[in-house]
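Report on the following structure.
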Amino acid sequence: MQSADAKLSRNSLLLSLNRYNAAVHTMEQTVLIPSLLREVPSDDVLELDAAEDAKDLYECYQMLKTIRNTVDYNDLINPHDDTKVKRQAGQQKSLEPQMEVDPEALFQFHLSGLFSIMSHLTKSSQTLTAKYMEIIGISN
């Protein structure tokens, strides 16, 4: 019997989302004490260039879980968060002229970006899990 992942194309968006979900699930199962991640620099996890944007691993852990919940539950807009609604409305207005030009090209652009982001987030989740195991003294 084939697994669900084996049935999907190697470049499938669904497979990419499943990999991310699995990586975050593994991260959640491994990180039993998330507070140990506080004040541990995340430079190698998210590869941030600017020091002012640097987060600790705890913040990365929370972000990865939040993104996974957004993906799982399609919670793209929280009705109580006006900044998200305003930002998405502004983005929609800026995309309208591009949609008239070539919607297929715009779709390909965003799909490519989504694959790239999901791959990066999956690797970040795996790196954070490995870093946590290193912190608690367990090697792979």
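Whole-Hz ³J(HN,Hα) for each residue in region 9-17, computed from phi via Karplus 6.51 cos²θ - 1.76 cosθ + 1.60 with θ = phi - 60°, x for glycine and proline: what do you get?
4, 4, 9, 6, 5, 4, 5, 4, 5
Label S139 and H120 with points 7 Å out from Cα along Cα→Cβ: what is the distance between them in nm?
3.2 nm
Over the heavy atoms of F115, what accessible area does a 1.4 Å probe trace out, to the nearest 10 Å²?
Only protein atoms counted, so the area is about 60 Å².
Once phi is turned into ³J(HN,Hα) by the Karplus curve 6.51 cos²θ - 1.76 cosθ + 1.60 with θ = phi - 60°, what whole-Hz value does each residue of region 118-134 show in order, with x for glycine and proline?
Once rounded to whole Hz, the list reads 5, 5, 5, 5, 5, 5, 4, 5, 5, 5, 4, 4, 5, 5, 4, 4, 5.
What are the residues whose amide H is under 5 Å from the amide H of S42, where those residues sit 5 or more places off or on another chain and H is modelled from the backbone?
Amide H neighbours of S42: K55, L57.
Between Q29 and S9, what length comes free when the chain is fully extended (0.36 nm per residue of separation minus the Cα-Cα distance, one decimal in nm)?
Contour length minus Cα-Cα distance gives 4.5 nm.
The values are calculated or read from the model by the stated rules, or taken from the named source; none is laboratory data. All values derive from a computational prediction rather than experimental measurement. When we count neighbours, we look across all protein chains shown, and the Cβ atoms used for this are built from the backbone with ideal geometry, even at glycine. Just so you know, the surface numbers come from the protein's heavy atoms only, side chains and all, with ligands and any DNA or RNA stripped out. Shrake-Rupley method; radii C 1.70, N 1.55, O 1.52, S 1.80 Å.
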